[in-house]
1. Give me a count of the residues in the stretch 154-171 that are of a type in the set (G, A, S) and surrounded by fewer than 20 Cβ atoms within 10 Å (Cβ to Cβ).
2. So, in the stretch 134-166, exactly how many residues are assigned to a strand (DSSP E or B) and touching a residue at least 60 places away in the same chain (Cβ under 8 Å)?
3. Being of a type in the set (A, V, I, L, M) and part of a strand (DSSP E or B) is the filter here; which residues of the stretch 191-206 pass it?
4. Among the strands (runs of 3 or more DSSP E) contained in the stretch 207-293, which hold 1 or more residues that are among the aliphatic types (A, V, I, L, M) and under 22 Å from D40 (Cα atoms)?
5. Is one or more of the residues making up the stretch 248-262 under 27 Å from A282 (Cα atoms), among the aromatic types (F, W, Y) and either modelled with pLDDT of 95 or more or over 18 Å from the mean Cα position of the chain (by Cα) (or both)?
6. Among the residues of the stretch 203-226 satisfying the criterion of being over 15 Å from G183 (Cα atoms) and in contact with a helix residue (DSSP H, G or I) (Cβ under 9 Å, 6 or more places away or on another chain), which is surrounded by the most Cβ atoms within 10 Å (Cβ to Cβ)?
7. From the list G104, G88, G70, exactly one residue is surrounded by fewer than 16 Cβ atoms within 10 Å (Cβ to Cβ) and either in contact with a helix residue (DSSP H, G or I) (Cβ under 9 Å, 6 or more places away or on another chain) or more than 16 Å from G129 (Cα to Cα) (or both). Which is it?
8. Go through the residues of the stretch 232-240 one by one and say whether even a single one is surrounded by 13 or more Cβ atoms within 10 Å (Cβ to Cβ), aromatic (F, W, Y) and touching a Pro at 6+ places or on another chain (Cβ under 8 Å).
Amino acid sequence: MKIPEQNEAHYLRPLLALFAFLLLATLLHGQSPSTVNDPDLARPAQSQESMDILSAICGKDAQSKPGKKGPIYGCRVCPKFTSEAGQGTNDSFPALQIYHVLPGSFTRPGAVETVVEVNGCEAHVNNFGGTVLLEKVGPRWKFKRYVPGEIGLNRAYKLKQGRTLALYQGGWTGQGETVVWLGTYDFASPVAHAWQKLITLHDSTANACSATTVTSSGIDSLKLEDLDHDGVLDLRVFVHWGNVKVPKAFQGNCDKDFTPGKVPVREIDFLFDGKQFHVAPASRKEFKLVSQE
């Protein structure tokens, strides 16, 4: 899952990390406590858990540093499997930082595994990070696989045969355009076939000063339920999408921030066939309207 090559200036790294955080925070906002505490939802790693995981990712280079909202866990230098292997860090953050973790059986039924979203040690073209797959062997975690560029870890989807798919929600923004996407990643499949993109949305409201009409869109929330009553959980995605006319006061005035009004919230259903998701027949019209590649 690659994003277009853009300006790779160093200042964009924390901005992209913040954007990914806001995507997940938006997804969780407003849900009930029982949903937020769902064990199938990606979450920050706990303190001892973080150090155990880091021992498998970066060995003796594992470290923690105080942060404004608690300790920050990561690697002092970029691990050998990353694109920037061996590069160091500054005084504020580790070179590679743990972002979210998600337990599951991703490669085979019964495996005790976890996927770990990390930030750092990659260029903009790889979303400044990726995902590490680890397996518990005895008391320790063992490195299994690294997927650069795979960020936006969201939740687990458990297959009937006992394996787990990882659900990702990510995005990027540049030159006034924001793109968000949702899809699944199968760590048991070859890399070329592991990623299944479900939906992509484009938002152009930041370009309001140079347009008469813009598109306001985004992914609001997700819900797993058996939509076709076949005994298998499916996926319902709630998105907002609509074209908005830009008032004349904002046209040509790029110093003035444009905040669009509310646009319709739409439900897009995806049915699972045992291997992957497909747009439900009843949602094809809405999907075609809102989704763009």
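1. To start, the set of residues in the stretch 154-171 that are of a type in the set (G, A, S) comprises 156, 162, 166, 170-171.
Right, trim to surrounded by fewer than 20 Cβ atoms within 10 Å (Cβ to Cβ) and you get 162.
So the count comes out to 1.
2. Narrowing the stretch 134-166 to residues assigned to a strand (DSSP E or B): 134-137, 140-148, 153-158, 164-166.
So of that shortlist, the ones also touching a residue at least 60 places away in the same chain (Cβ under 8 Å) come out as 134, 140-143, 146, 148, 153-158, 164, 166.
Counting residues in the stretch 134-166 that are assigned to a strand (DSSP E or B) and touching a residue at least 60 places away in the same chain (Cβ under 8 Å) gives 15.
3. Keep residues of the stretch 191-206 that are of a type in the set (A, V, I, L, M), which gives 191-192, 194, 198-199, 201, 206.
Of everything in the stretch 191-206, those that are of a type in the set (A, V, I, L, M) and part of a strand (DSSP E or B) turn out to be L198, I199, L201.
4. Values: elements: 213-225, 234-245, 265-272, 277-279.
So the answer is 213-225, 234-245, 265-272.
5. Initial filter on the stretch 248-262 (under 27 Å from A282 (Cα atoms)): 262.
Among the residues that remain, those that are also among the aromatic types (F, W, Y) are: none.
So far as the stretch 248-262 goes, no, none of its residues is under 27 Å from A282 (Cα atoms), among the aromatic types (F, W, Y) and either modelled with pLDDT of 95 or more or over 18 Å from the mean Cα position of the chain (by Cα) (or both).
6. First pass over the stretch 203-226, keeping only residues over 15 Å from G183 (Cα atoms): 203-217, 225-226.
Then drop every residue that is not in contact with a helix residue (DSSP H, G or I) (Cβ under 9 Å, 6 or more places away or on another chain), which leaves 214-217.
Numbers: V214: 23, T215: 21, S216: 20, S217: 25.
Within the stretch 203-226, the match that is surrounded by the most Cβ atoms within 10 Å (Cβ to Cβ) is S217.
7. On the way: G104 fails: surrounded by fewer than 16 Cβ atoms within 10 Å (Cβ to Cβ); G88 fails: either in contact with a helix residue (DSSP H, G or I) (Cβ under 9 Å, 6 or more places away or on another chain) or more than 16 Å from G129 (Cα to Cα) (or both).
When all the criteria are applied, what remains is G70.
8. Within the stretch 232-240, the first condition is being surrounded by 13 or more Cβ atoms within 10 Å (Cβ to Cβ), and the residues that meet it are 232-240.
Right, trim to aromatic (F, W, Y) and you get 238.
Subset that is touching a Pro at 6+ places or on another chain (Cβ under 8 Å): none.
Checking the stretch 232-240: not a single residue is surrounded by 13 or more Cβ atoms within 10 Å (Cβ to Cβ), aromatic (F, W, Y) and touching a Pro at 6+ places or on another chain (Cβ under 8 Å).
The values are calculated or read from the model by the stated rules, or taken from the named source; none is laboratory data. The shown structure was predicted, so the numbers you read here are calculated from the model rather than taken from an experiment. Here Cβ is always computed from backbone atoms with ideal geometry, including for glycine, and neighbour counts include all displayed protein chains.
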